[in-house]
Amino acid sequence: MKDGHQKQSIVSVTEAARLLGVSRVTVMRYIHSDILPCTNYPGTGKRPIRRIECANIESFRLQYKQLSQIKVDGNIGQQCGSIILLPK
């Protein structure tokens, strides 16, 4: 690459949250609901280290944009499976 840096192909949950503009907890909800795929690596203790492929984040963004809008408690939101995504 021209700049000498290799483009990152996987990111942490925290970085995925930053890229998607949501909280880390929201990304974990997406993962647990099988909305956003991730890879688990052995971690310390009982918690795995979760990494998300950038391609999955981009795919998620495209799907999120294509979802129909619904009204929830007076707010316009988008439904992704059983989770309702409200804009910021």
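No lab work stands behind these numbers, since they all come straight from the coordinates. No experiment lies behind these values; they were computed from the predicted model shown. Note that we place each Cβ from the backbone using ideal geometry, even for glycine, and neighbour counts take in every protein chain shown.
Projecting label points 7 angstrom from Cα along Cα→Cβ for residue 32 and residue 59 puts them 2.3 nm apart.
The slack between residue 22 and residue 41, meaning 0.36 nm per residue of separation minus the straight C-alpha distance, is 4.5 nm.
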